[in-house]
Number of protein chains: 2
Amino acid sequence: MPRHKSVAEARPFMGRKVPAYELLSEKALARIEEQADWILQRIGVEFRGDQVAMDLFGEAGAEVNGERVCFEPGHVRELCSTAPAEFQLHARDPRHTVTLGGKNVVLMPGYGAPFVSDLEQGRRYATLEDFRNFVKLSYSSPWMHHSGGTVVEPTDVPVNKRHLDMMLAHLTLSTKPFMGGVTSPERAQDSINMARLAFGQHFVDRHAVMQANINVNSPLIYDHTMSGALRVYAEANQCVCVSPAIFAGAMGPLSPAAVAAQTLAEAMVGIALAQLVRPGCPAVFGSFHSTMNLRSGALTFGSPEANMTTMALSQLGRRLGVPVRSGGGQITASNAPDGQAMQDSVGAMWATLLSGGHQVWHAAGWLEGGLVMSYEKFVMDLDHCGAMLTLLQGFDTDPEAFGQDAYLETGPGENFLSTRHTLRHYESANFEPQISDAGPYETWAEQGALRADQRAAACWRQMLTDYQHPKMNTGTRTALEDFVSERKAAMPDEWY
Amino acid sequence: MPRHKSVAEARPFMGRKVPAYELLSEKALARIEEQADWILQRIGVEFRGDQVAMDLFGEAGAEVNGERVCFEPGHVRELCSTAPAEFQLHARDPRHTVTLGGKNVVLMPGYGAPFVSDLEQGRRYATLEDFRNFVKLSYSSPWMHHSGGTVVEPTDVPVNKRHLDMMLAHLTLSTKPFMGGVTSPERAQDSINMARLAFGQHFVDRHAVMQANINVNSPLIYDHTMSGALRVYAEANQCVCVSPAIFAGAMGPLSPAAVAAQTLAEAMVGIALAQLVRPGCPAVFGSFHSTMNLRSGALTFGSPEANMTTMALSQLGRRLGVPVRSGGGQITASNAPDGQAMQDSVGAMWATLLSGGHQVWHAAGWLEGGLVMSYEKFVMDLDHCGAMLTLLQGFDTDPEAFGQDAYLETGPGENFLSTRHTLRHYESANFEPQISDAGPYETWAEQGALRADQRAAACWRQMLTDYQHPKMNTGTRTALEDFVSERKAAMPDEWY
């Protein structure tokens, strides 16, 4: 049975000590920024059905024409300048509070899958129980810094009530940061009201305690649901993460350069809107992008072109001075948690983290282009999250690291295993994954020749068995439960 | 059936256009170099049973004491300075000649496995037929630039005759560069003699046409077999690749810094010996290193500590001015071509290539810590080699890349799939892997729900079916075959 580290052992938050990789030259980055300006000036962005947004942009000096808004070069970037380069996202347990931006890295589970799968029960629609399971698993892992948002869609709950159950799960089953509902401005407001019950109204007004996933309806469209939710969160001084969603060749031109430029243009406009609503409101420069097989139309993930776009966007975000939610993560189009899934996922994760992404959605569990959260892949991905976070710490080159005493103790041809230097450090020298098996073939074969995904099945079940509820005072819990009951009772079920 | 690119479609050789990642600071690198100097001065290196080497070092001013040689700080680095920073390794087909060093990347198959496996026949001892198969597969792939050396051990051939059959296979079944025999100075000489038959004596004296894998018997030992083979290749002006072999904590102290320093020290001494034998002789700064589970003793691959060591060694090699054979590659301890195998392999490959490694052994097929060459993993790894070589090309930021005409043709909310820009570029926009499946779950399930390794099984078989012998003139072929027959007849079989 693979061991797993409990939340108690968690290193709560890890900064990056190694440099970010700079894929593109200054000149190439400037060209992409010029193209973003060209898009914003010549084509513009539409805010459909949101007159408030139009008015805010008009007052700020943009050219508003019906629902379309265009900007002089540099104007949107200027409007983004009040967004903080670094800020805290407060958790219910202060030990889990994270900082977004700077040298910090925040990993999160997958988002939005309507299906789940595990090796025993197969692929099926996700339920609220699955949602709660993944919140528990993220809480239990030292490598997830954040509980995510719609970790899976709880399809057994009416659409208009899901946000209430999801918020309740995030607030009671975990003490890590989370995302609130965004599927309508009213649901956004419910989420903020529940956060106020848990954290206190005064605290929430002054601190970001939750994050909203604002998806751009790419190319170049914000619908009123998203821009409305954005305004609700910004008014409440909560974090808005603005993520264009571009498949190269479909929602934008097919090159990495074009996708990077359009992502920058679209995201900057949303961040600018948040700043117009409340200057200084915490914002994240998000992206969700990938490639397609342009012959078959199949969406592909972890491709070299998508990975390069991810790396370029990390650089562009640093230049904008806003924390980056990377379009990478451990993503794949594979239908099984197999070798392809890990080739795609690991490559995308290296692109994400080495280039300096700050916040990584979809860092665990993602399968089938995001349609499925796989229990087995979730724990396999956790191993790689731990490995990458270890790598981002770099290594020491102080005298103790070189172990000169070990050479003086041994000599050419001799073994270092029993030197005092090895004995001093062997327990903490290396990252230890949970699922990996490096034992001999014969032992492995005797134990059933289990693949990594088969070994992973035991691991996530054990994690759920070992899970322990975090504490919450009874008054707060009751207030949250009452809020959910009352709001549910006030609305008929809606299933669309 | 997955398609595969034929050798005719090969991009024969690919340079790197993106910058190398610099993990360590100047200060950290200098500390590691100081530690290498400390090892060479205070501990020294032993050349067991090789008086010629001792005499060469003594004449060069080193301190020789019995079989041990010690050096003043900076002396070995100075002796390495005649090694070329960049040189060509000539192939029988000049289109396959590669350059080692500079901005060039040369990928090669696994080396040295005594076993092979495939999903149908399972795990078994490797034979000469397997050896020939892997030479054919490397020849057939556009992503392998080099045929490797002992791709697998042909265990059905007597030990003292294997090098003859391996050389014959490399010279006749492929036209890519290769490695010669090193298991004794006589076998090294046989290899060089065969190369002279194929390339002409005059050509071989003036050009490197083969490479020798000189393993250091780490810690700090060269045995006479290896140093003897090194001298034979260096005298013939052929390329010597000197690779220390260090598992952190066993053959050296357990930290990445210590492994990097010891690798540098050991490799520099071998490169220096080659330069003393023949100044200007082409050499490669090699490494083979990894971590262990220090509780169980199991060897681990693709760990974050090993990957950081790989990245540091790429930097140290650039500073030495000698091409780097990376200690990374697509390596894993996994016993199956599963998710773990690909997590390990892909991570190690990113560390290798992003840090600027020039030559990558074990880029395809490696399983079980190198004990096995897997046919299925071989072709899965090829896909990732192609993806990484694509990524190393970077991307364009010229006006055509941005597709401004496509924006003028469409508008916010519209689809770019049918724009003229997409139609101009869709055929070549994205790297296309052979094994990956990005199709819908339903189709995948109907087609048998095959994992990546199961799909790979069809691919390598098709590649072998489609393989076509490269041309060789009859006289050369006969001369090589006669040489092999005569040498075999002159020796009784030895099986140890």
List the number of the failed condition for A:ALA20; all other conditions in (1) at pLDDT below 95; (2) closer than 26 Å to A:HIS90 by Cα hold.
(1)
Restricting the range A:342-369 to residues that are under 14 Å from A:ARG123 (Cβ atoms) and within 12 Å of another protein chain (Cβ to nearest Cβ), the one surrounded by the fewest Cβ atoms within 10 Å (Cβ to Cβ) turns out to be A:GLY369
Could you check, for the range A:329-344, whether at least one of its residues is closer than 22 Å to A:ALA257 by Cα and in a helix (DSSP H, G or I)?
yes
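Condition check: touching a strand residue (DSSP E or B) at 6+ places or on another chain (Cβ under 6 Å), away from every other protein chain (no Cβ under 14 Å), in contact (Cβ under 8 Å) with a residue 24 or more places away in the chain and within 30 Å of B:PRO304 (Cα to Cα). Does B:VAL240 satisfy that?
On the way: touching a strand residue (DSSP E or B) at 6+ places or on another chain (Cβ under 6 Å): yes; away from every other protein chain (no Cβ under 14 Å): yes; in contact (Cβ under 8 Å) with a residue 24 or more places away in the chain: yes; within 30 Å of B:PRO304 (Cα to Cα): yes.
So B:VAL240 passes the test.
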With (1) within 8 Å of another protein chain (Cβ to nearest Cβ); (2) among the polar types (S, T, N, Q); (3) surrounded by 24 or more Cβ atoms within 10 Å (Cβ to Cβ) as the list, and A:SER326 as the residue in question, which single condition is left unmet?
(1)
Which one is farthest from the other protein chains (Cβ to nearest Cβ), of the residues in the range B:372-386 that are under 21 Å from A:ALA348 (Cα atoms) and among the acidic types (Asp, Glu)?
B:ASP381
State whether one or more residues within the range A:366-384 are of a type outside the set (Ser, Thr, Tyr), assigned to a helix (DSSP H, G or I), free of Cβ contacts under 8 Å to residues at least 12 places away in the same chain and out of contact with any Gly (no Cβ under 9 Å at 6 or more places or on another chain).
no
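Quickly run through the range B:244-265 and pick out the residues that are surrounded by fewer than 24 Cβ atoms within 10 Å (Cβ to Cβ) and more than 12 Å from chain A (Cβ to nearest Cβ). Spell out the reasoning first.
Of all residues in the range B:244-265, those surrounded by fewer than 24 Cβ atoms within 10 Å (Cβ to Cβ) come to B:245, B:247, B:250.
Listed by number, the list holds a single entry, B:ALA245.
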In this structure, is A:LEU464 under 26 Å from the mean Cα position of the chain (by Cα) and more than 30 Å from A:LYS377 (Cα to Cα)?
no
Can you find, within the range A:293-315, the residue that is nearest to B:PRO440 (Cα to Cα) among those that are surrounded by fewer than 24 Cβ atoms within 10 Å (Cβ to Cβ) and not charged (D, E, K, R)?
A:ALA298
Of everything in the range B:109-140, what is within 20 Å of B:GLN434 (Cβ to Cβ) and in contact with a Pro (Cβ under 9 Å, 6 or more places away or on another chain)? Give them in sequence order.
B:SER117, B:LEU119, B:PHE134, B:VAL135, B:LEU137, B:SER138, B:TYR139
When the range B:212-230 is checked residue by residue, the ones that are surrounded by 24 or more Cβ atoms within 10 Å (Cβ to Cβ) and away from chain A (no Cβ under 14 Å) are B:ALA212, B:ASN213, B:ILE214, B:ALA229, B:LEU230
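Take residues that are crowded, with 22+ Cβ neighbours inside 10 Å and tell me which of the strands (runs of 3 or more DSSP E) falling wholly in the range A:94-157 contain 1 or more. Quick ask: steps written out before the conclusion?
Values: elements: A:98-100, A:104-107, A:115-118, A:122-125.
Result: A:98-100, A:104-107, A:115-118.
With the structure loaded, tell me whether B:MET167 is part of a helix (DSSP H, G or I) and within 29 Å of B:THR478 (Cβ to Cβ) or whether it fails that test.
Yes; evaluated as a whole, the condition is true for this residue.
Hey, can you tell me all the residues within the range A:64-85 that are part of a helix (DSSP H, G or I) and surrounded by fewer than 16 Cβ atoms within 10 Å (Cβ to Cβ)? Let's see the steps before the verdict.
Filtering the range A:64-85 down to residues part of a helix (DSSP H, G or I) leaves A:75-82.
Of everything in the range A:64-85, those that are part of a helix (DSSP H, G or I) and surrounded by fewer than 16 Cβ atoms within 10 Å (Cβ to Cβ) turn out to be A:GLU78, A:SER81.
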Residue pairs qualifying under the 6 Å Cβ cut-off, at least six apart or on distinct chains, with the first in the range B:448-460 being farther than 18 Å from B:SER138 by Cβ and the second being of a type in the set (Gly, Ala, Ser) and not in a helix (DSSP H, G or I), are B:ARG451/A:ALA336
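The values are calculated or read from the model by the stated rules, or taken from the named source; none is laboratory data. Computed from a predicted model, the values in this text were never measured in an experiment. Neighbour counts run over all protein chains shown; Cβ positions are idealised from the backbone, glycine included.
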